[in-house]
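What follows is a set of notes on a single structure, which appears directly below.
The values are calculated or read from the model by the stated rules, or taken from the named source; none is laboratory data. Keep in mind that what you see is a predicted model, and the values were worked out from it rather than measured. Because the Cβ atoms are built from the backbone with ideal geometry, glycine has one as well, and the counts that use them run over all protein chains shown.
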Amino acid sequence: MSSTFDCYNTSNWYRIYSPSTHSIPIILSLSSNENTTEANYSIYSKQINSFMQNLDRIPESVIFVRSFNCHLIKINNFFPFKDIWGIKKEKIISTYDIIDNCSNLPILSIPELWSSTMDIIYSSNFNEKSARVIICGPKSSGKSTFAKNLINKFLTQKYNDHETLKKMVYIETDPSQPEFSPYGLICSHFIEKPVINPPFTHCTLPSLLKAHFFGNTSPQNNPKYFLLCVNDIFSTCNYDIPTIINTPGWIRGIGLELLSEIINSSNCTDIIYIGSKSSFETFDIKSTLPSSIKLHTLSSIQEFFNVSETLKINKSDLRMLSIISYFHSTNISESDYPEWNFNSSLLSMKPWIVKYDGNLNGIDAISILDATIEPDDFYYAINGTIMALIAIDIKENEKLWESFIIKSKDYLPTLNLEKNPINPKHSQCLGLCILRGISKESKELQILTPINILTLNKYLNSKKKLILVRGNIELPASLMLDYRKDSTTQVNWTKAPYISMESGGLGSKTWHPRRNIERTTMRI
């Protein structure tokens, strides 16, 4: 990502991840007006200070590189991410070569038109009102790439006499590949630092403002609830600072109608459309935009970046990568960088034990999105699945809430969301968890989650109701295995629960109904 760092009188080390799943980062030196002969090297470590003091000539810039020994490197133990960090040290039999020709490498160079458009939006933010930018276009056109570069421009560059911005707002309305969260969520964040790394390195909900669990990769499963979630996010993000809104790549038919609704309710100042000329010709919204909204059209990223040169990882694999990273993270808090624990599999980690029945219950209800399931069948439908932990403010309607809950034969408090949908205005998704097991005897749930303990205690001690909701987020099979050996907690992995290697035959796969399609003969 394009970002400018002013390293004068600062001792910051910047973490840079460079997996083969994404483009290779480029580090360049920019000219500076600072007097380097008077730089304060004492703020650095003794080794760096000594090195700089012994130089015969003060260089314009010096780049120090070191390994920060991040545990995330062990994510390559999971299939199909074996070689995303390159060749292992013990397999290297030669020194590094200086490469003169980089034409075959996956290096992303930002085109001039993209840069000039960012300059226009950047300057208007200071000369007019705060920028509120919507980025739209077809799938894989480069919307997230443009968004991250625009974020970095706002957070790292000065404008005339103005200081660099301290923070801005990023709103993610694309549940399929969000930047700062696992997939299936619609959320908003305060962004205070440049974004220079792939999504799976910061998908732990940093500086979260508001989040809703949508539970699917596309708005097509429930367009009405999708808009309710998006509008609630907009209503809670009316800050007088730059705001960037990323949108789904579904821009035809109902998808175009949803995008139009997003634009109308966003109060945006600029719209960035990224795509081919042919796709822009079918972009019908442009003729109905108010004159106050500036429309910028840019070429797709595929026209100037050789995506095929990166590792053969598809979107589904990238979503799996974020899920694995999320559940192995150990420090979802206000710290500068997340940390991970890959020394043990999730199977060997101690779960949280939460009551679901009685006076001291921690979970008040359990539900399933887009499905009508009998309460007595919930035990089989939720055990061993990924679920969202959602806090709901029921205000003074305690009796009304209790009337919605139906106890199963195992005393599970079930909630039918089709009859009683969650109101986004009164709810907040805290994060995801894995329901590892259910104890019928003690009426307890075993939960694995990286959600910070302070956040959990805050809501457990509040008057809000905590519910678990299952969506269509699949639990990767690799998370259910002990990748370090051929067994799962001393049981052969072929005999592990919830895992089947057999082909079920016709009708054995998951049924995915579409609820927003009508027959041609029924249209008026």
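Answer with yes or no whether Ser140 is on the phi > 0 side of the Ramachandran plot and touching a helix residue (DSSP H, G or I) at 6+ places or on another chain (Cβ under 9 Å). Walk me through it before giving the result.
Details: on the phi > 0 side of the Ramachandran plot: yes; touching a helix residue (DSSP H, G or I) at 6+ places or on another chain (Cβ under 9 Å): yes.
Here the answer is yes, as Ser140 does meet what is asked.
Please give the number of the condition Asn152 fails out of (1) within 27 Å of Gln302 (Cβ to Cβ); (2) touching a Lys or Arg at 6+ places or on another chain (Cβ under 6 Å); (3) not hydroxyl-bearing (Ser, Thr, Tyr).
Just one mismatch for Asn152, condition (2).
Which condition does Asn452 not pass, out of (1) within 25 Å of Ser322 (Cα to Cα); (2) free of Cβ contacts under 8 Å to residues at least 24 places away in the same chain; (3) among the polar types (S, T, N, Q), if it passes all the others?
(2)
Starting from the stretch 54-71, keep only residues that are in contact (Cβ under 8 Å) with a residue 12 or more places away in the chain, then list their pairs with residues that are surrounded by 10 or more Cβ atoms within 10 Å (Cβ to Cβ) and of a type in the set (A, V, I, L, M) whose Cβ atoms are within a distance under 7 Å, requiring at least 6 positions of separation or different chains.
Ile63/Ile27; Phe64/Ile48
Which condition number in (1) more than 18 Å from Asp270 (Cα to Cα); (2) in contact with a helix residue (DSSP H, G or I) (Cβ under 8 Å, 6 or more places away or on another chain); (3) crowded, with 20+ Cβ neighbours inside 10 Å is the one that Thr164 fails?
Single failed check for Thr164: (3).
Cβ-Cβ under 7 Å, sequence separation 6+ or interchain: first residue in the stretch 342-366 and within 15 Å of Asn383 (Cα to Cα) and modelled with pLDDT of 95 or more, partner of a type in the set (A, V, I, L, M) and assigned to a loop (DSSP other than H, G, I, E, B). Which pairs?
Pairs found: Ile366/Leu412.
Is there any pair with a first residue in the stretch 249-272 that is outside the structural domain of Cys229 (by TED's automatic domain parsing) and a second that is in a helix (DSSP H, G or I) whose Cβ atoms are under 9 Å apart and which are 6 or more apart or on different chains, and what are they?
Close Cβ pairs (under 9 Å, with a partner that is in a helix (DSSP H, G or I)) do not exist here.
Could you list, in sequence order, the residues of the stretch 369-408 that are part of a helix (DSSP H, G or I) and of a type in the set (Lys, Arg)? First the steps, then the outcome.
Of the residues in the stretch 369-408, the ones part of a helix (DSSP H, G or I) are 375-382, 398-404.
Across the stretch 369-408, the qualifying residue is only Lys399.
Which residue, of Ile196, Ile186, Ile191, is of a type in the set (A, V, I, L, M, F, W, C), assigned by TED's automatic domain parsing to the domain that holds Leu155, more than 17 Å from Lys153 (Cα to Cα) and touching a helix residue (DSSP H, G or I) at 6+ places or on another chain (Cβ under 8 Å)? Outline the logic, then answer.
Working: Ile196 fails: more than 17 Å from Lys153 (Cα to Cα); Ile191 fails: more than 17 Å from Lys153 (Cα to Cα).
Going through Ile196, Ile186, Ile191 in turn, the sole match is Ile186.
Give the residues of the stretch 179-192 that are touching a residue at least 40 places away in the same chain (Cβ under 8 Å) and of a type outside the set (S, T, N, Q), sorted by residue number.
Answer for the stretch 179-192, where residues must be touching a residue at least 40 places away in the same chain (Cβ under 8 Å) and of a type outside the set (S, T, N, Q): Glu179, Pro182, Tyr183, Gly184, Leu185, Ile186, Cys187, Ile191.
Are there any pairs with C-beta distances below 9 angstrom linking a residue in the stretch 280-292 that is farther than 13 Å from Gly137 by Cβ to a residue that is in a loop (DSSP other than H, G, I, E, B) and of a type in the set (S, T, N, Q), with the two at least 6 apart or on different chains, and if so which?
From the stretch 280-292, the pairs are Ser292/Thr269.
List the number of the failed condition for Ile73; all other conditions in (1) over 30 Å from Leu150 (Cα atoms); (2) at pLDDT 70 or above; (3) among the hydrophobic types (A, V, I, L, M, F, W, C); (4) surrounded by 10 or more Cβ atoms within 10 Å (Cβ to Cβ) hold.
(1)
Residues checked against (1) crowded, with 21+ Cβ neighbours inside 10 Å; (2) aromatic (Phe, Trp, Tyr); (3) under 20 Å from Thr330 (Cβ atoms):
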site: Glu418; (1), (2), (3): no, no, no
site: Leu432; (1), (2), (3): yes, no, yes
site: Arg436; (1), (2), (3): no, no, yes
site: Lys443; (1), (2), (3): no, no, no
site: Leu456; (1), (2), (3): no, no, yes
site: Arg470; (1), (2), (3): yes, no, no
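From the list Ile271, Ile293, Ile301, exactly one residue is among the β-branched types (Val, Ile, Thr), within 24 Å of the chain's Cα centre (by Cα) and modelled with pLDDT of 90 or more. Which is it? It would help to see each step written out before you state the result.
Values: Ile293 fails: within 24 Å of the chain's Cα centre (by Cα); Ile301 fails: modelled with pLDDT of 90 or more.
Result of the check over Ile271, Ile293, Ile301: Ile271.
Which one of the conditions (1) under 21 Å from Ala371 (Cβ atoms); (2) at pLDDT 90 or above; (3) surrounded by fewer than 20 Cβ atoms within 10 Å (Cβ to Cβ) does Leu448 fail to meet, given that it meets all the rest?
(1)
With the structure loaded, tell me whether Asn420 is part of a loop (DSSP other than H, G, I, E, B) and farther than 20 Å from Asn216 by Cβ or whether it fails that test.
Details: part of a loop (DSSP other than H, G, I, E, B): yes; farther than 20 Å from Asn216 by Cβ: no.
No: the conditions fail for Asn420.
Test each condition in (1) within 30 Å of Ser276 (Cβ to Cβ); (2) surrounded by 24 or more Cβ atoms within 10 Å (Cβ to Cβ); (3) hydroxyl-bearing (Ser, Thr, Tyr); (4) at pLDDT below 95 for Thr204 and report the one that comes out false.
Here Thr204 clears every test but (1).
Restricting to the stretch 388-421, name every residue that is closer than 24 Å to Glu444 by Cα and aliphatic (A, V, I, L, M).
The answer is Ala388, Leu389, Ile390, Ala391, Ile392, Ile394, Ile405, Ile406, Leu412, Leu415, Leu417.
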